[in-house]
Amino acid sequence: MCKRETVWLEPQYTLSISVTADKQLPVTKTMTVTRQAYLNDEVQTLITSMNALSGEHKVDANDASACPSSVGAIWDRVAANKSYSPVAALETSGGLGAAEAVGNIVRVGDSAAVVTEVDYKNVYYLNTKSPWIGTAQVNAKLGSDGTLTEASAQVDDETWSTILNAATSLVGDFLGGGSGASAPAAAAAPATSGVATPALVPERVRFSCPALPGWPTPTGSFSYKYSLTTTVYKHDHTELSGLDKPCETTREGVVGGNFTVVAEAMDAQEKKDDSDTISVKGAIKLPKKSSADKAKGTAGKQEQ
């Protein structure tokens, strides 16, 4: 048979920001974007802003650009763009070709070879004669290539005298009866009562950051914690076919057949560095950023 196999890698980027205002519980936001979205200017601007703002801040009446509402406005705009989100179930939705065309997945392997495989389309059976009373057992052993290498059958047949003796011993089992009582209903739990506590009134201050739904509004101090992690998913597709046509690869690759999707472990150095290369048991060179994007990233690091 002809075995065709195509392997794609799909990097996904997870952005996370945690905002702590006035030493209260932090508010954490997380989003995952595609490779195409990650290279977009809007997403790169958000990443640069979060890099520059990491750490502690004081509320400044003359500068509200560092307030959570300012960062949150950019974050919410990016998160609301559905085209930035990874497409779920690329295999079943038929989106592999479109994802490869825009660069969200990268084809890293495409092969075709003649191999020996078990034909699962045709089902074969091992039969043995079963007695009226008794047991029948069939054992089969398969080789490493899936072919049948050994088979055996065994029948345990009881005699008619044993059957009659067993039948007479069952006569008494048809007599008798029983009754059951329903379990008493569980006692209802006593009603609980609570004592209302007065709401705490926040201390009045002369200035606070502007409010934005879903984001904290600090009045004194606030801090940011930002992280960016990359997860690479390996899409491995295999397909078996007859030898009625040439066994060779195709332009579109194997988009159907049997497939697995697993997350690949990344190198430790790749987790530390935000580079243009993804290392997953090898290396994939990603397109370089433009000069403007590099300038944004450099400016962000100088402001920290």
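The values are calculated or read from the model by the stated rules, or taken from the named source; none is laboratory data. Remember, predicted model here, so these are calculated numbers, not experimental data. Virtual Cβ from ideal backbone geometry, glycine too; neighbours counted across all protein chains shown. Heavy atoms of the whole protein, side chains included, go into the accessibility calculation; ligands, DNA and RNA do not. Shrake-Rupley method; radii C 1.70, N 1.55, O 1.52, S 1.80 Å.
Inside the range 83-122, residues that are in contact (Cβ under 8 Å) with a residue 60 or more places away in the chain, under 24 Å from Leu15 (Cβ atoms) and either loosely packed, with under 11 Cβ neighbours inside 10 Å or β-branched (Val, Ile, Thr) (or both) make up a count of 3. Taken over the range 208-240, the residue count meeting the criterion of being assigned to a strand (DSSP E or B), out of contact with any Lys or Arg (no Cβ under 6 Å at 6 or more places or on another chain) and farther than 30 Å from Ser111 by Cβ is 10. Once the range 22-79 is narrowed to residues that are under 20 Å from Gly214 (Cβ atoms) and among the acidic types (Asp, Glu), the residue that is surrounded by the fewest Cβ atoms within 10 Å (Cβ to Cβ) is Glu42. Starting from residues that are among the acidic types (Asp, Glu) and under 13 Å from Glu91 (Cβ atoms), keep the ones in the range 228-267 and report whichever is least open to solvent (accessible area, probe 1.4 Å). Only one residue fits best here, namely Asp236. Go through the range 30-44 and count every residue that is out of contact with any Asp or Glu (no Cβ under 8 Å at 6 or more places or on another chain), part of a helix (DSSP H, G or I) and not charged (D, E, K, R). Qualifying residue count, the range 30-44: 4. In the range 45-162, which helices (runs of 4 or more DSSP H) lie fully inside it and hold 3 or more residues that are modelled with pLDDT of 90 or more, under 31 Å from the mean Cα position of the chain (by Cα) and of a type in the set (Val, Ile, Thr)? Output list reads 68-80.
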